[in-house]
Every structure is written in structure tokens, then in C-alpha cells.
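Readers should treat all values here as calculations from the given coordinates under stated rules, not as data from a laboratory. Predicted model, so just to flag it, every value in this text is computed and none were measured. Heads up, the Cβs are rebuilt from the backbone with ideal geometry, glycines too, and the neighbour counts pull from every protein chain shown.
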Amino acid sequence: MAKSPEEEHPHKAFGWAAKDTSGILSPFHFSRRDNGVEDVTIKILYCGVCHSDLHAAKNEWGFSRYPMVPGHEIVGLVTKTGSNVMKFKVDDRVGVGVMVNSCKSCEYCHQDLENYCPQMIFTYNALNHDGTKTYGGYSNTIVVDQHFVVRIPDSMPSDGCAPLLCAGITVYSPMKYYGMTEPGKHLGIVGLGGLGHVAVKIGKAFGLKVTVISSSSRKEREALDRLGADSFLVSNDPAKMKAAFGTMDYIIDTVSAVHALAPYLSLLKTNGKLVTLGLPEKPLELPIFPLVLGRKLVGGSDVGGMKETQEMLDFCAKHNIAADVEVIQMDQINTAMERLAKSDVRYRFVIDVANSLAQSQL
Ligand code: NAP
Ligand code: ZN
Ligand code: ZN
């Protein structure tokens, strides 16, 4: 008979898990494997709350495994290293993002694109090579192969850095790959949430003109004054949208729900590029005429490889970029998830994992 989550590995672990499709999280005891020769054991300090955690906790994509400990924006301290680990030592501050392993031998792994490896293993809601389940960062500790661990630059705050491990690399990678970094070009960012607000900061650091395209005017002042966007468009204001037709070189679409692409494609110039990053539960409709008549391109992108993740962190450190966070305790996670579902977060919830779990275990 299969062992229980608490008994399958030798080391006790504690976190919060979703137990069913309600997505409601509650305390959960499980276990972590022994630290292998290639492994790093990490005491988790902070973990960001990505909208993907919400999609997964509620089984919106249809492949959730319960109990599920979400969390793939992890910052922590190294507590143990395997004998082959030279890059990290005890007490180093490190990060783990959306993946914890891959095959290490396919064409994608060889090109530092582990994120596209057919055998890539997600940080949670997946199976390890040994068949046991992966559990994510809403927990006190994690054991990860060193290749999937990155170094946190010294100047970065641990809480504000955590969201970069997913949101940061998810917007940085397509900007590099699709050539959306030419200074002076005009970037539109649809959806000012976790991904969107980091995209504003990274876009400005590349020297772009950045326009936020949001579903309401609620975030306008902050977008312009605090995040540094150059302009702000409300997507349901037809007159302003029309005035902006054909003005943008690039668009990054981070909307988490099903939505129409046509209004955003109209904002692009000829030869413009729109990259969709959001993962709504149902397909979007793709209007062909604007693509054909304007030689426009629509693409997608899935986080980024490990080498590029480190590059992104170093880039953000150099440009003083961190996420704007609302730090919460673990027992506030269900309220935070409800607010995230309503786009009511400025701009990423980050769980103070170490302090809140230490207290709840007393
Ligand atoms: P988030 O913080 O909830 O931000 C999404 C934003 O989209 C909201 O703040 C809101 O911005 C806008 N939005 C939400 N519902 C909308 C609707 N019905 N119509 C128009 N706009 C709407 O989420 P996130 O963490 O940034 O993640 C965004 C999406 O990317 C999720 O689907 C997530 O699963 C996905 N994701 C993909 C990758 C990848 O590798 N491709 C990585 C991470 C996350 P406004 O208030 O400004 O309208
Ligand atoms: Zn994520
Ligand atoms: Zn591979």
C-alpha cells in the first residue's frame, strides 16, 4: 500500500494544502526526502501567491492532485547541501521557481530551456522521478536539485524578490525571446496584477515607453506614480482605446480570465507582437484579419529556464526592481485567494512563511 504523505519520506514537513476543488487551504502534515548528493535543503522564508496557485487549487485546469501544497515563488535559506553541491552553502539565500527537475538530457535542457523539457517537473501538483508527489512553497521546508535553485542577489529584499521567481521570469523571458526590448519602443501591458506590475518595471528598465491597459481606472494613479508607467488606458473606454489604435509595438497580455484579443490587436502597429501569458481555463478566440492585414504576431511563453532566471534576478538587482507586495500570514491565505480572484491585490501577496508557520506549530 502507498505510504501516507507524512510517512513516505524521512523528514517531517508542515504547510497548508488545498484538499479539494473548493481551493480552500488548511494545515497539512507531510514529509520531504533525504538531501541527496545533488540536493539543497531550504528553510522557506517567503512564498509569493501566483494566480496559477489559485487556478490549480480550484482545479480550473482539470489536472489538480489533492492534497496540494501550492507555491512556486520561494525564497529561503540553505540548511543542508549534498556532497556534489559547490554553488551553495549553508545560510545562503536562494530561490526556487515553478520547476524542481527535468530530464537534463533533451534538446531543450541542453539549451537552458528546462522549462520546455517534456519531463520537466513542476514544484507542486506533479510527480517526482520516484513517483512521489511534489509539494510547493506554502510549507516550512523543501529539498531541491541544485540545478533548479538560484541565488538571490544580496541587495534584494526577500519578500519583494519572491514574486520574481515566477512573475519576474515569466515577463522577462518573452521580452528577450520575442525582441521586445528595443529602447524607445511602445509596450502595452494588459492586466495590472502580479505579472503585469513586474512587467511595467522591467519594461521601464529596458527603456521602453509603457502603457498599462486595465479593466478599470482603480489602479491608474499607482500605475503612473508608483510603478512608473508612462500612460494608462481603461480597456472598456471605447474612445480612449480607439485613440490608441495602431500605437503600440509590443503587448504583453497577463489576463487570467477568458477575454477578447481583438481590442488589443487593434492597439498594435503593423508588425506588432502580442504575447499572451495568462492561462484562462477556456480557449481564447483568435481574430485572423488583423493578424494577416497587419503582419502581426501572437505568441505565448512559459516562465523561463534556470540560466535566464538567474540573469533576470541579476538584472532586477541592478535596476533596483522588486515586486510591490502585501505580506500576509499563512492563516490569511484563503482571504488573500478570494481577493486575488477579484484582482484586488497591490500587487502580489507574499506569505511570511517562516514566521507564520513557526507560530502555528507551537
Ligand atoms: P493576477 O495578479 O490576478 O493579475 C491578473 C490581472 O488580469 C488582474 O489584476 C486584472 O488586472 C486582469 N484581469 C483579471 N480578470 C480579468 C478580466 N476578466 N478581464 C480583463 N482583465 C482581467 O494574476 P497573475 O499572477 O499576474 O497571473 C496572470 C495569469 O498568468 C494567470 O492566468 C496565471 O495563471 C498566468 N501565469 C502564466 C505564467 C506563464 O508562464 N505563462 C506564469 C505565471 C502566471 P486589472 O485590474 O488591471 O484589469
Ligand atoms: Zn506562477
Ligand atoms: Zn529535458
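A few notes on this one:
- For the stretch 106-175, the direction-averaged projected area of the alpha-carbon convex hull comes to 6.1 nm².
- Viscosity 1.567 mPa s, temperature 4 °C, Stokes-Einstein D of the stretch 14-63 from Kirkwood C-alpha radius, µm²/s: 100
- Computed over the stretch 194-264, the percent of Cα pairs more than 21 Å apart is 20.
- For the chain, adding -39500 (n - 2.57) for each run of n ≥ 4 DSSP H residues and dividing by the number of residues yields -6500 deg cm²/dmol at 222 nm.
- Projected label points at Asp112 and Asn334, each 7 Å from Cα along the beta carbon direction, are separated by 4.4 nanometres.
- Along the stretch 140-157 the Karplus relation, 6.51 cos²θ - 1.76 cosθ + 1.60 evaluated at θ = phi - 60°, assigns HN-Hα couplings of 7, 8, 8, 10, 9, 4, 4, 4, 9, 10, 10, 8, 8, x, 4, 6, 8, x Hz to successive residues, with x for each Gly and Pro.
- Three semi-axes describe the equivalent ellipsoid of the chain; taken as square roots of 5 times the Cα gyration tensor eigenvalues and ordered largest first, they are 35, 21, 19 Å.
- Largest to smallest principal axis extent of the C-alpha atoms in the stretch 148-295, angstrom: 48, 33, 32
- Averaging Cα coordinates gives a centre for the stretch 270-335 and one for the stretch 209-239; these two points are 17 Å apart.
- Candidates per chymotrypsin sites (Phe, Trp or Tyr not before Pro) in the stretch 16-62, loop by DSSP, up to 14 other Cβ within 10 Å: Trp61
- Packing, taken as the mean count of other beta carbons within 10 Å per residue, orders the peptides 254-265, 199-210, 84-95 from highest to lowest as 199-210, 254-265, 84-95.
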